[in-house]
Structures are given as C-alpha cells and as structure tokens.
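One structure below.
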Amino acid sequence: MNFSQDKIIIKNLAIYYNVMKGKILGDILLVREDQDDLQEYLKIPGVNKIVKLGHINGPHRKPEVKLLWGEGTETIHKENRCLYKMDVSQVMWAKGNTAERIRLTKLVGEDETVVDLFAGIGYFSIPIAVHARPTKVYAVEINHVSYHYLKENIKLNRVTDIVEPTLGNCRDVAPQNEADRVLMGYIGNTHEYLDVAINALRASGVIHYHEAVPEKLMFTRPVRRIQSAALDREVEIINQGIIKKYAPGVYH
C-alpha cells in the first residue's frame with residue numbers, strides 16, 4: 001500500500017467518523033464542525049445538502065444551523081416507515097429517541113385515545129397513528145413552525161382520520177377526561193404540566209412522562225413529582241428507563 005492510498009483511507013475514515021458524530025436526515029447531512037473539503041461528503045448516497053448543527057436554544061428548541069453546501073434546509077426524513085417533513089433550521093430532531101418512538105407503537109391499543117401534549121412535528125403521534133392505529137390522537141403543539149410541519153406530516157402519512165392537530169399551549173387547549181394515554185415527550189419544565197396530563201386522563205390511564213434528571217435522582221425525583229401532581233389519585237409506576245444521556249451527569 002503506498003502513501004497516497006494511506007491518505008485516502010485515513011481521509012475516508014475521518015469522514016465516516018464525522019458522519020457518525022452527526023446524522024443524516026432525509027437528504028441532509030448534519031455535521032458538528034465546519035469542513036474544509038466537502039467533496040468526499042458529497043459522495044455519500046442520498047446527500048444533497050450539508051448543514052452544520054450548533055446549539056438547540058429556547059423552549060421552542062430552535063437549532064443554530066449554518067448551510068455549508070446545497071440549497072435550502074427543508075427535507076423529508078424516513079424512519080420506521082414514517083415520513084417526517086421538516087426544516088432543520090427551524091425544528092430539532094432527536095436521533096436518540098428513535099427506540100422510544102418505536103417502543104410506543106407496540107404499547108398503544110387500537111381502541112385507545114391518545115393525547116400528545118408536546119407533539120412537535122409529530123415525533124410520537126405519527127408513528128403511533130401509522131403503526132398502532134388507535135381510535136384518536138390529539139396532537140397539541142405551541143410552536144407555529146412545528147405545527148405547520150405537524151399538519152404536513154399528518155397528510156404525508158395519511159393519518160388525517162386519526163390525528164387531530166391543535167395549535168396552542170396544552171394548558172389551554174388539551175382535551176380533558178378523554179385520554180387512555182398521555183404523552184409528555186418534551187424535556188424542559190415538563191413537570192409543570194403534570195396536572196394537565198392528569199386532567200386529560202379518563203378515570204384511569206397511562207402517562208408517558210419525560211424528564212432530564214441528575215444521575216443521583218434518576219429514579220426518585222420523577223416519581224415524587226408524579227405522585228405530588230396526582231393529588232388524591234392512585235399512582236402505579238409501571239416502568240422507568242433511560243432513553244439517552246442528556247448531558248454530563250444528567251440522563252433523559
């Protein structure tokens with residue numbers, strides 16, 4: 001093997017490493033750093049745009065992005081036989097939640113009514129509607145941009161008969177006493193909306209509660225918060241699990 005071949009292999013390995021650190025959404029390759037040479041990246045099958053992804057900011061989780069190559073930041077991403085149209089400069093995509101999105105589709109029954117309090121672009125509502133086919137999914141979203149793509153994705157996945165989108169703060173617009181299952185797939189001040197989730201339930205039901213928790217409190221703080229919000233209602237903790245590492249010493 002000559003020196004030039006060594007350089008090519010090392011270069012390709014470096015590209016592969018950078019791709020693995022980032023992610024591919026639809027025809028967009030997201031990278032974490034500026035790249036001096038984009039030509040090798042353009043050889044990745046299906047990649048038509050390259051975007052540098054920065055921090056995710058604010059309660060609407062808006063990403064910082066820089067377009068490095070290509071035109072536009074909108075794409076259609078396919079996961080688990082579901083289609084998600086999105087603009088990566090406007091909305092985030094949590095790759096680490098893939099397993100949870102798949103897991104939920106196996107839990108929801110056909111006769112259930114589901115309320116998704118933080119629907120986003122349909123991260124959980126869409127796969128549940130496509131694969132579980134519940135009676136109804138009420139998908140609530142406060143962000144106008146995410147709500148636009150939520151409606152687009154409902155049409156793309158042909159689940160308009162199942163998913164009903166609603167724009168607004170879930171505290172003001174979420175259904176009450178209708179849900180068999182409530183989704184709280186948002187990381188932030190989620191615990192402040194536990195009362196909304198409980199009020200959305202029928203006499204009994206299941207809440208999928210998400211929280212970013214320091215490691216020492218992982219299996220205690222979320223339970224305390226749920227029990228406190230439930231007031232006089234009986235609480236059973238069915239399952240607790242780590243979805244992903246969120247930050248140093250903090251887990252989702």
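The values are calculated or read from the model by the stated rules, or taken from the named source; none is laboratory data. Note that the structure is a prediction, hence the values are computed from the model and not measured. FYI the Cβ positions are ideal-geometry reconstructions off the backbone, even for glycines, and counts take in every protein chain you see. Ligands, DNA and RNA are excluded from the accessible area calculation, which covers all protein heavy atoms including side chains. Shrake-Rupley method; radii C 1.70, N 1.55, O 1.52, S 1.80 Å.
Below is a table of values for the structure above.
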quantity	calculated
Positive-end extreme of charge dipole, the stretch 182-252 - chosen from G241, L183, L194 (charges on Cβ)	G241
Protection proxy ranking, peptides 139-151, 76-88, 210-222, 168-180, average beta carbon neighbours within 10 Å, highest first	139-151, 76-88, 168-180, 210-222
Percentage of interatomic Cα-Cα distances in the chain larger than 25 Å	48 percent
The chain: angle of helix 144-156 to the longest principal axis, Cα-based, in degrees nearest 10	90 degrees
Assigned charges on the beta-carbon of Lys, Arg, Asp, Glu; the stretch 91-144 dipole about Cα centre (debye)	220 debye
Cα extents of the stretch 61-135 along the three principal axes, largest first (Å)	46, 23, 20
Per-selection Rg to Rh, the stretch 117-252 - Cα, Kirkwood hydrodynamic radius	0.97
For the stretch 154-229, radius of gyration divided by Kirkwood radius, i.e. Rg to Rh on alpha-carbons	1.03
Solvent-accessible area of D111 with every protein chain in place, 1.4 Å probe, in Å² to the nearest 10	120 Å²
